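For reference, the structure is listed below as structure tokens.
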Amino acid sequence: MKLKGDQSTSRALNRRLILNLLRQEGPRSRAEIATITGLSPAAVTFVIADLIEEGHVSEGKAVAGLSGRRPIPVEINYTNGLAIGFKLMVGSVECVVTDLATNPLASSRLTLTDNEPENVARALADAVPMLVEAAGRPHARLAGVGISVPGVIDNAQAVCVRSFRFKWNNVPFASMVAQKVKVPVWLEDDTNAYAIAQQLFGPGRQYRNMAVLAIGVGISCALIVDGKLYRGAHGAAGKFGHTLHEESGRLCECGKRGCLMAYYSEPAMLRTWREATERDDGHNLTDMLAAAKAGDPETVRILSEAGNGIGKALANLVNITDPEVIVVGGEAVSFGDALFGPLKSSMATRTFFASPPLLPDWEDNSWARGAAALVTQKFFDFETADGTTGASEPIARAYSASST
């Protein structure tokens, strides 16, 4: 994916402006682009010519009307490149290869025998050519690889500063993978990556300020502020699940006690349900979901309590950040209104101003697509850090389906 011009040049900024307009609004003529963006017709013509030459934009068909032929629309050619996303989980990796709109073309799941960084990096590198071939796009080039992992990430250096779940500290994981695959590699916290995907192509694409809540193995909440992902001073923003819920309470994976996620993450809710109903460890999330759908009073009570607890904490976040919407994803989305009804009510009674709407995300592959969005984000935003590469000429040595 070749991007002409330095990010400080007007041409590069114009490219970003035009590409994001086409991403949000769909096909537009050159004249419409100039009117909407305020750019001169000449500036629009120059940028569109570059993008067409590079294959990133294509021309549609002119439509004849009563006043003659209408202007020719241009649109993003999302098939021009491939992006691979890896979502790391303990024991497995969710893998997806997408086009530049993060539309899945093929997916798979890898089993990890351990969490040693070198072994994980090798497993991901071995999967890359297989995913490219499975995409079935022999003329599309691999633009890069995105990796999401739960933890604190130094985005600029693509280093995993800390991951309690993987027991990693200061692991330069992106460069470890890049040295093997020879294409740009991006690394990000899993919820941050998921939020980027929601902002680019999901329910949040029309909003400048939103919260992206994830309720799964953990609980976290990424923030998009004025169109930008907020990472904080040390890359640790969004660790919503580690807010205090009960003093000296349950032990959390972080080593502290009483964290919100120790009570209301999906495994924590499942643990509470098993204890309350005297079920053994053989009963899983599917069994709990079936009990909820059947209206089992104890299950309904547990989910209501979880919704109230999360909603109370979420109201504090809303009062501080004032998001337009809250997109919600993760395994717990499957509980539906049994969880989100009490959550919304609890939040609404505690917010200072209007409580923002909740938008549940039911899409498959959303988390791995979030990792792939780390690659496509660079296409639309020149302010993001470059992916770490393992080659002196990263794009020239990029994979193509014909080379696998």
**Asked** Taking amide hydrogens as modeled 1.01 Å from N in the peptide plane, which residues meet the under 5 Å criterion relative to residue 359, leaving out close sequence neighbours?
**Response** 326, 327, 328
**Request:** List every DSSP H helix in the chain whose Cα atoms extend 18 Å or more along the helix's own long axis and whose mean Kyte-Doolittle hydropathy is at least 0.0.
**Result:** 41-54, 117-135, 297-321, 366-380
**Message:** Once you keep just the Cα pairs under 8 angstrom separated by 6 or more residues, what percentage relative contact order results for the range 10-76?
**Reply:** 36
**Prompt:** Normalised by the residues of the chain, what does the relative contact order come to in percent, with Cα pairs under 8 Å and at least six apart?
**Reply:** 20
**Asked** Where the Cα atoms of the range 342-381 are projected onto their three principal axes, how long is each span, largest first, in whole Å?
**Response** 40, 24, 10
**Complete:** Normalised Cα Rg of the range 205-360, dividing by 2.2 N^0.38 Å with N its residue count, works out at 1.04
**Asked** Based on the Kirkwood radius over alpha-carbon pairs, what is the Stokes-Einstein translational diffusion coefficient of the range 10-76 at 25 °C with 0.890 mPa s viscosity, in µm²/s?
**Response** 204
**Fill in**
Kirkwood Rh for the range 110-157 from C-alpha pairs, in Å, is 13.0
**Request:** Assuming R0 = 35 Å, can you tell me the calculated FRET efficiency for the pair residue 169 and residue 46, based on Cβ-Cβ distance, to the nearest 0.05?
**Result:** 0.15
**Prompt:** Separation of the range 178-200 and the range 263-284 by C-alpha centroid, Å?
**Reply:** 32
**Request:** Taking just the C-alpha trace of the chain, give me its Rg and Dmax in Å.
**Result:** 22.5, 74
**Fill in**
Simple spin-label estimate for residue 75/residue 276, 7 Å along Cα→Cβ, in nm, reads 4.9
**Prompt:** Given the rule -39500 (n - 2.57) for each run of at least 4 DSSP H residues, summed and divided by the residues of the chain, what is its mean residue ellipticity at 222 nm, to the nearest 500 deg cm²/dmol?
**Reply:** -12000 deg cm²/dmol
**Item:** Convex hull (Cα only) mean projected area of the range 142-258, reported in nm² to one decimal
**Value:** 8.2
**Complete:** The simple spin-label model distance between residue 285 and residue 354, using points 7 Å out along Cα→Cβ, in nm, is 3.3
**Message:** Given contacts defined as C-alpha pairs under 8 Å and at least six residues apart, what's the relative contact order of the range 205-360, whole-number percent?
**Reply:** 24
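Since every read-out is calculated from the coordinates, none of them should be taken as a lab result. Quick caveat, the model's predicted, so the values are computed rather than measured. Using ideal geometry, Cβ is built from the backbone for each residue, glycine included, and neighbour counts are taken over all protein chains shown.
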